[in-house]
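K.L.:
Here it is, the structure, as structure tokens.
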Amino acid sequence: MITFDLDRAPLRELNQSLHDAAGEGDRRWRIVNPRGRHNIAVGMTQALEVEVAGHAGYYCGGMNQNAAITICGHAGQGVAENIISGRVRVKGNASQSAAASGRGGLVVIEGDAGARCGISMKGVDIVVGGSVDHMSAFLAQAGTLVVCGDAGPDLGDSIYEAVIFVGGQVGSLGADCIEKEMTAAHRGKLEGLLAQAGIDADASAFRRFGSARKLYNFHVDHAGEY
Amino acid sequence: MCGIAGIFFKDGQGNRPVGHALVDMLDGCQHRGPDSTGFALYGAGDDHLVLRFLVGEGPEREAAIERIRSILSDFAATPVEERLTGVTWRVTVAFAGDIQAFAYALERGAKLLSVGRRLDIIKDCGTARDVDRVYGISGINGTHGIGHVRLATESDVRPEAAHPFWATGFADVAIVHNGQITNYWKMRRALEQRDFEFRTENDSELIAVYLADQLRSGASLNAALERAVEDLDGTFSFLVATGDGLGCAKDKLAAKPMVMMETDELVAIASEEVSLNRLFPGRQLNTSEPPPGSFATWSRSILP
């Protein structure tokens, strides 16, 4: 395992080293003394295993492709924003806008996530072990958001074709978001995601939410909802 | 953008390293605001009133001080101790009258940065380290304090436009704010109709005066903040300090960041975790993020 100490070398050097890592040799990196610094391990393209030993600041693991990043602490705003593929795991809590605009891959937050988790998600799968705050999955286009705890107000506002599973209570649903039937196929998909995320939860206790598809085309009866 | 930081030592001893902590915390988030830096520092205080004015450095300085002296004499406020530092003049006076009328009058002499028995606001252009070098912030001890690094967006880069803002007319109330209040003029007019005077066009001054007005009417800091979250429209994460307390509030959309950390000894709040990390080097902190639309207050448990 390669250890990189952010108290001893600047962040740019870390990210450059991660981008330049040779195709062979040790593929496991450990980043110590992150101290809430922003932009740790962003823009990864290689299939490295990166462990952040502490709390990360904003945008950790942003734009990730192929790498498996584990944050052994809390994460600041926009963790794994625009993730393309690979996996980002937060052992603690995540701040606002976790996995924002994510296009693919898996983001696991073992604790709680703040407001706007999965905002404008475009294909990423997100599994939150705890709860999410208001306006999560706002404008969510594709992918799956799994919330094992509760969801705050205005869940799934203006949602497109993303799917939301919630195990606990929902504060309120946003415009055009409705509860939908939980079929065996949906339960199977949820069980698969929980297993991938390594989170122990009873899939039968979850409810499914998605788009009522009333805001797709302008209709004067819905003018008040736009 | 802008960055805010606050620290509150719960034991109320006036010898805690408040200045040092704030310089460190603001240096940690200087990337959020490189233009100017300010500190509202609270000490143990005594019966005297501490006034700090912006007097400049050039030939205008002596004239400003003369104008202030004349107003002080009109109010029978006798200077006890005075000191010129950087672009400011700090004077302590013995005064027992109406602070609001006194402050409004003094503002005609020179820009008044703060008035308080415990509070002293120091702010200037430059970084936290720059301001520390000129004003010796690191050496100032006290009970609590708040600070701000500014990225000017809607007014000039001048010391008077920097934070913290004193609640003009109310001793010992100060604020640092990250965000923008969109119903500023509506709220300001409502207060002006009640004869409050505003000395800047900065929305943060409004929050300070609005809160101080409620405190004077007998509301607790907690109750004042509860109302503020309802009344203020816009984006905000702000810290407010009084002679013996600290409060924080966040707008309902949580558009502006705020992270906090509390131990048995202290409460530290900042825009970003990087600032909190400066206080506890080498430790893994368990920080938390106040939820949208929330507020909290702390006050001294032991009164000296």
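K.L.:
Compute accessible area for segment A:43-66 by itself and then with all protein chains, 1.4 Å probe, and report residues whose area falls by 40 Å² or more.
P.N.:
Residues of segment A:43-66 that lose at least 40 Å² of accessible area once the other chains are added: A:H55, A:Y58.
K.L.:
Whole angstrom only: what separates the Cα centroid of segment B:121-160 from the Cα centroid of segment A:30-109?
P.N.:
34
K.L.:
Compare each residue of segment B:254-281 in its chain alone against the assembly with all protein chains, and report those whose accessible area goes down by 20 Å² or more; 1.4 Å probe, heavy atoms.
P.N.:
Checking the loss per residue gives B:A254, B:P257, B:E272, B:E273, B:V274, B:N277.
K.L.:
Please state the shape class of the protein assembly as shown: rounded when a/c is under 1.5, otherwise prolate if a/b exceeds b/c and oblate if not, all from the C-alpha gyration tensor.
P.N.:
On the way: a/c = 2.56, a/b = 1.77, b/c = 1.45.
Since a/c reaches 1.5 and a/b is larger than b/c, the shape of the protein assembly as shown is classed as prolate.
K.L.:
Sticking with this one: So how far apart, in nm, are the two label points at A:Q46 and B:R61 if each is 7 Å from Cα heading toward Cβ?
P.N.:
5.8
K.L.:
Remind me, relative contact order of segment B:239-301 in percent, using alpha carbon pairs under 8 angstrom and six or more residues apart?
P.N.:
44
K.L.:
Let me check something: with ligands and nucleic acids excluded, how do B:F295, B:F198 order by accessible area (1.4 Å probe), largest to smallest? List each step's numbers first, then the result.
P.N.:
Numbers: B:F295 65, B:F198 20 Å².
Output order, biggest surface exposure first: B:F295, B:F198.
K.L.:
Another question, then. I'd like to know which of A:A197, A:G149, A:I119 lies farthest towards the positive end of the charge dipole of segment A:104-217, counting +1 on Cβ of Lys and Arg and -1 on Cβ of Asp and Glu.
P.N.:
Towards the positive end, the residue furthest out is A:I119.
K.L.:
Something else: Testing the spin-label approximation: label points 7 Å from Cα along Cα→Cβ at A:R8 and A:T183. State their distance in nm.
P.N.:
Roughly 5.6 nm, to one decimal.
K.L.:
In addition: Tell me the carbon and sulfur percent of the accessible area for segment B:1-76, rounded to whole percent, probe radius 1.4 Å.
P.N.:
Answer for segment B:1-76 is 50 percent, counting heavy atoms of protein chains only.
K.L.:
How much accessible area per residue does the protein assembly as shown have, in Å², with a 1.4 Å probe?
P.N.:
With the other protein chains kept in place, the protein assembly as shown gives 39 Å² per residue.
K.L.:
Keeping the other protein chains in place, figure out the carbon and sulfur percent of the accessible area of segment B:191-274, with a 1.4 Å probe.
P.N.:
41
K.L.:
Please work out the FRET efficiency for the pair B:R83 and A:S172, using the Cβ-Cβ distance as r and a Förster radius of 45 Å; give the result to the nearest 0.05.
P.N.:
0.20
K.L.:
Under 1.5 on a/c is rounded, so check that first for segment B:189-289, then, if it is not, pick prolate when a/b is larger than b/c and oblate when it is not; a ≥ b ≥ c are the square roots of the alpha carbon gyration tensor eigenvalues.
P.N.:
The shape class here is prolate.
K.L.:
Run through segment B:139-248 and list the GluC sites (Glu not before Pro) located in a DSSP loop whose Cβ has at most 14 other Cβ atoms within 10 Å.
P.N.:
Within segment B:139-248, the qualifying GluC sites (Glu not before Pro) (loop, at most 14 other Cβ atoms within 10 Å) are B:E154, B:E197, B:E201.
K.L.:
In whole Hz, with x marking every Gly and Pro, tabulate ³J(HN,Hα) for segment A:202-214 from phi via Karplus 6.51 cos²θ - 1.76 cosθ + 1.60, θ = phi - 60°.
P.N.:
So the Karplus estimates, Gly and Pro as x, are 8, 4, 6, 8, 8, 10, 10, 10, x, 7, 7, 6, 8 Hz.
K.L.:
Out of segment B:94-144, which chymotrypsin sites (Phe, Trp or Tyr not before Pro) are coil in DSSP terms and have no more than 16 other C-beta atoms within 10 Å?
P.N.:
none
K.L.:
Same structure again: Loop only per DSSP, at most 14 neighbouring Cβ atoms within 10 Å: give me the trypsin sites (Lys or Arg not before Pro) in segment B:33-117, ordered by residue number.
P.N.:
B:R108
K.L.:
For chain B, what relative contact order do you get, as a whole percent, if you take Cα pairs closer than 8 Å and at least 6 residues apart?
P.N.:
26
K.L.:
Shielding by partners for B:284-291, please: the mean number of other protein chain Cβ atoms within 10 Å of each residue's Cβ.
P.N.:
Across B:284-291, the average partner-chain Cβ count within 10 Å equals 6.
K.L.:
Something else about it: For a quick check of understanding: with a 1.4 angstrom probe and all protein chains in place, what accessible area in square angstrom does A:W29 have, to the nearest ten?
P.N.:
Surface accessible to solvent at A:W29 totals approximately 20 Å².
K.L.:
For a test of the definition: using alpha carbon positions, the gyration tensor, and the 1.5 limit on a/c, classify segment A:2-126 as rounded, prolate or oblate.
P.N.:
Verdict is oblate for segment A:2-126.
K.L.:
So, one more: Tell me, what HN-Hα J-couplings in whole Hz come from the Karplus equation 6.51 cos²θ - 1.76 cosθ + 1.60 at θ = phi - 60° for each residue of segment A:117-131, using x for Gly and Pro?
P.N.:
For segment A:117-131, the Karplus curve yields 5, x, 4, 6, 5, 10, x, 6, 9, 10, 10, 10, x, x, 10 Hz.
K.L.:
How big is the A/B interface in buried accessible area, both sides summed, 1.4 Å probe, to the nearest 100 Å²?
P.N.:
1300
K.L.:
Here's another thing I want to ask about it. How many percent of the accessible area of segment A:10-123 is carbon or sulfur, using a 1.4 Å probe?
P.N.:
45
The values are calculated or read from the model by the stated rules, or taken from the named source; none is laboratory data. The shown structure was predicted, so the numbers you read here are calculated from the model rather than taken from an experiment. FYI the Cβ positions are ideal-geometry reconstructions off the backbone, even for glycines, and counts take in every protein chain you see. In case anyone asks, the SASA skips ligands and DNA or RNA and just uses the protein heavy atoms, side chains included. Shrake-Rupley method; radii C 1.70, N 1.55, O 1.52, S 1.80 Å.
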